[in-house]
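Peer 1: Just dropping this structure here.
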Amino acid sequence: MKKIVVFLMMLALSACSTPNTTQTTAPIAPLGKFWIPDWKKTSSISIPRAGTALLAYNDTLYLIGGVDGKDFLNTTEYAKIQKDGSLGPWQPGPNLNEARGFIDAVIHDGSIYVVGGGNGPNGHNLLRTAERAHILPDGTLGPWVTEKNSMVVTRRCSKIIATKTSIYSFGGFGGVLLDSVEHADFLPDGSLGEWKLEDKPMSMPRYVNGVKKFGSNAYVIGGHDQAKGVGITDVEWSPLGSEDKRNWKATSPLNVGRYGLSEVAHGDYLYALGGLTGLEFLDSVEKSKVNADGTLSDWQMTTPLNVARGMFSVVEYKDHIYVIGGSNRKAYLDSVEYAEVNQAGDFGYWGDQADVKTHDDMLEARKHAESTLPNEGKVKTILQAQAYTYIEVITPQLRAQWLAGPKIDIQLGQKIRYSSGVVMSGFFSKELQKTFNEILFVGQVEKTE
């Protein structure tokens, strides 16, 4: 199963959301209820998948394309949102004309637009095409139509947003990492006009990052540092509209560098959820309040996800946030979790005293399960780099194993414990100019003596 997860990471890193819905007011505390900072589970998707597009429209969620750990997918599915915020069963929708993963999509005037992505062996076929399907009155989708006009640049892991008049594609991988932005206008018949490459690029190449529209601005969040192999904290923003308004500026950085993250907006806040640091998959979530001048306030930690995940999808609908699919070090995921947003902009749900006790018991059990790191070894070799400490250990089974973990001061011959992680084969460190036949990226390393 770990090999499947590595496949996803390698696809993303060899290359590589949803529209901001109407801002709503957070619910007031119901009488006799208590706020529980956690996520609920609801109906799982039909198959595990990552690198999908997810949208919400008229009490329905739509999940499109992606990769299941083996194949790129042309399948779609949808689920009705129930009155309590949970989801009904997922139903199959019409297939895309072309399998595609590491994609994004938008809704405009009752139609869904999916743009770019990749497919084929290891995702090497980079796409510039777009497809469109109309949302029918009963919530199902009509057939997908391939747009006549394609993007100027092939883009995998690009991010898409829409305004009332145009669709925009940001960054991604097109043979090289991209800092460029291009856009096309929506024509009266719903088709896309000619794509145009903008003169003003972003401040740096961005891929496996987040992009979110908030008001009349676009915010680009995090991503991957190719040289160091870690997530970045950089955030930049620019007004949308005509190209003469484009002015990319840095704003408050994330607390945790992350790539393969997802992003969402609700009320006055932007959120960065999950992803990877380079060492581990994340369950952490950060929020930032958008200031009146368009800048972002300092990012703050809020309710973490139940499951650490990267390359997943998230969407806001009314007062609920939905997190779907993705992958982590164990598997591709079919799980779905959802939460409400309170007046402080934090995720959770309202429950009674019994719900509070159940939640407290769950936290205690989780804390106990995570108290001891599962692996141990004796340090044989140490290589210090700027972002990582590379450690070769001899395990109790007398097997040599390379680790890459957080910076740590250790000595040869010391015994350490370390967390489970992500195995990568044939990993080349540019900084060390060394190829590791197999290396385990871990999030925690502790000295035991």
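Peer 1: Report the gain in length on full extension from Asn97 to Asp59: 0.36 nm times residue separation, minus Cα-Cα distance, nm rounded to one decimal. Before the final figure, lay out the partial values.
Peer 2: Working: separation 38, 0.36 × 38 = 13.68 nm, distance 2.55 nm.
Length difference between fully extended and current span is 11.1 nm.
Peer 1: Just to check, using Stokes-Einstein with a Kirkwood Rh over alpha carbon pairs, what's the diffusion coefficient of the chain at 20 °C and 1.002 mPa s in µm²/s?
Peer 2: Values: Rh = 22.5 Å.
It comes out at roughly 95 µm²/s.
Peer 1: Show me the ranking of peptides 124-133, 269-278 by mean Cβ neighbours inside 10 Å, starting with the highest.
Peer 2: So the peptides 124-133, 269-278, ranked by packing, come out 269-278, 124-133.
Peer 1: If neighbour count is taken as other Cβ atoms inside 10 Å, put Met151, Met301 in order from fewest to most.
Peer 2: Met301, Met151
Peer 1: Please provide three numbers in whole Å: the alpha-carbon extents of segment 337-449 along the principal axes, with the largest listed first.
Peer 2: Rounded to whole Å, the extents work out to 54, 30, 24 Å.
Peer 1: Test of understanding: what is the full-extension gain from Leu136 to Thr381, defined as 0.36 nm times their sequence separation minus their Cα-Cα distance?
Peer 2: Extending this stretch completely gives an extra 82.0 nm.
Peer 1: Between Arg399 and Asp179, what's the calculated FRET efficiency when r is the beta-carbon distance and R0 is 41 Å? Round to 0.05.
Peer 2: 0.45
Peer 1: A follow-up question, please. For a 30 Å ceiling on Cα separation, which of these pairs sit above it: Lys159/Lys245; Lys41/Lys213; Lys41/Lys212; Lys41/Lys378; Lys159/Lys447; Lys148/Lys249?
Peer 2: Lys41/Lys378; Lys159/Lys447; Lys148/Lys249
Peer 1: At 0.36 nm per residue, and after removing the present C-alpha to C-alpha distance, how many nm does the segment from Lys70 to Ala344 gain when stretched out fully?
Peer 2: 94.5 nm
Peer 1: I would also like to ask the following. Label points 7 Å out from Cα along the Cβ direction at Thr358 and Glu198: separation in nm?
Peer 2: It is 4.6 nm.
Peer 1: Say the dipole of segment 2-364 comes from +1 at the beta carbon of Lys and Arg and -1 at that of Asp and Glu; which of His124, Ser169, Met311 then lies farthest toward its positive end?
Peer 2: His124
Peer 1: Cα centroids of segment 179-206 and segment 272-313: how far apart, whole angstrom?
Peer 2: Centre-to-centre (Cα) distance: 27 Å.
Peer 1: In deg cm²/dmol, rounded to 500, what helix-only [θ] at 222 nm does the chain give when every DSSP H run of at least 4 residues adds -39500 (n - 2.57) and the total is split over its residues?
Peer 2: For the chain, the value works out to -2500 deg cm²/dmol.
Peer 1: Which listed residue (Ile391, Thr277, Val145) has the Cα farthest towards the positive end of the charge dipole for the chain, taking +1 on Lys and Arg C-beta and -1 on Asp and Glu C-beta about the Cα centre?
Peer 2: Result: Ile391.
Peer 1: Taking the Cα centre of each part, how many Å lie between segment 95-138 and segment 346-391?
Peer 2: 36 Å
Peer 1: Order 70-80, 168-178 from most to least packed using the mean count of other Cβ atoms within 10 Å.
Peer 2: 168-178, 70-80
Peer 1: How far apart, in nanometres, would the label points at Asp293 and Phe428 be if each is projected 7 angstrom from Cα along the Cα-to-Cβ direction?
Peer 2: The two pseudo-label positions are separated by 4.5 nm.
Peer 1: Here is a follow-up. How do the peptides 307-315, 52-60, 243-251 rank, highest first, by the average count of neighbouring beta carbon atoms within 10 Å per residue?
Peer 2: Values: 307-315: 26.7, 52-60: 21.0, 243-251: 13.3.
Result, highest mean first: 307-315, 52-60, 243-251.
Peer 1: Moving to a separate point now. Taking the Cα centre of the chain as origin, work out the dipole magnitude from +1 charges on Lys and Arg Cβ and -1 charges on Asp and Glu Cβ, in debye rounded to 20.
Peer 2: Dipole about the Cα centre, nearest 20: 1140 debye.
Peer 1: Next question. With +1 assigned to the C-beta of every Lys and Arg and -1 to the C-beta of every Asp and Glu, and no other charges, what is the dipole magnitude of segment 375-447 about the Cα centre in debye, to the nearest 20? Can you show the working numbers first?
Peer 2: Values: 9 positive and 6 negative charges, 24 e Å.
Computed charge dipole of segment 375-447: roughly 120 debye.
Peer 1: If one computes P(r) from the Cα atoms of segment 192-319, what percent of pairs lie at distances over 25 Å?
Peer 2: 24 percent
Taken together, the values in this text are just the output of simple stated rules run on the coordinates, not laboratory data. Since the structure is predicted, the reported quantities are computational estimates derived from the model, not experimental observations. Positions of Cβ are generated from backbone atoms using ideal geometry, with glycine treated the same way; all protein chains shown enter the neighbour counts.
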